[in-house]
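FYI, it's all coordinate maths here, none of it is from the lab. Keep in mind the model is a prediction, meaning the values are calculated, not measured. Don't worry about glycine lacking a Cβ; one is built from the backbone with ideal geometry, like all the others, and counts go over all protein chains shown.
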Amino acid sequence: MSTETTASVSTHILDTSAGRPAEGVAVHILARCGREADWQALGGSSTDADGRCKDLPAPPEGTTHVRLEFDTETYFAKKQAAAQQDAPALRDSENGRPVFFPEVTITFAVVPGEHYHVPLLLNPFGYSVYRGS
């Protein structure tokens with residue numbers, strides 16, 4: 001059993017529509033100490049060329065829940081602009097948004113001393129997450 005008093009969190013994002021890491025996705029981390037407590041913004045980062053956020057701040061002592069917020073709309077808008085064409089597969093025709101999920105928010109419970117790696121598998125119309133190692 002670990003003697004650390006805080007949990008640590010890491011994440012990475014794989015763009016399953018491209019079969020590669022999702023570079024440049026903004027990720028924000030929030031924490032709270034108890035189910036009824038307010039969320040406290042801890043900071044943010046962006047994914048690197050490997051799709052990883054290596055510098056997310058550690059949750060403070062007493063944290064019971066962590067929330068990761070991923071800015072997927074900006075990522076897919078940049079990806080579409082880089083393609084220099086109107087990519088119908090990235091377009092939600094009913095409302096004109098670049099993606100169906102403009103953001104992905106994942107909330108999970110944490111225990112002090114544990115490390116939580118939370119990978120996000122992402123495409124324009126869906127996503128999946130799991131607790132990694």
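For n ≥ 4 DSSP H runs only, could you compute -39500 (n - 2.57) per run for the chain, divide by its residues and tell me the 222 nm figure to the nearest 500?
-2500 deg cm²/dmol
Taking the Cα centre of the chain as origin, work out the dipole magnitude from +1 charges on Lys and Arg Cβ and -1 charges on Asp and Glu Cβ, in debye rounded to 20.
I would put it at about 200 debye.
Which chymotrypsin sites (Phe, Trp or Tyr not before Pro) in the range 1-78 pass both tests, a DSSP loop state and at most 13 other beta-carbon atoms within 10 Å?
Those satisfying the criteria are 39.
Which label marks the calculated value of Cα extents along the principal axes in Å, given the options (1) 61, 39, 26; (2) 79, 32, 21; (3) 53, 30, 21?
(3)
Work out the charge dipole of the chain with +1 on the Cβ of Lys and Arg and -1 on the Cβ of Asp and Glu about the Cα centre, then indicate which of 41, 81, 113 is farthest towards its positive end.
Result: 81, furthest along the dipole toward the positive end.
Can you give me the relative contact order of the chain as a percent, contacts being Cα pairs under 8 Å and 6 or more apart?
32 percent
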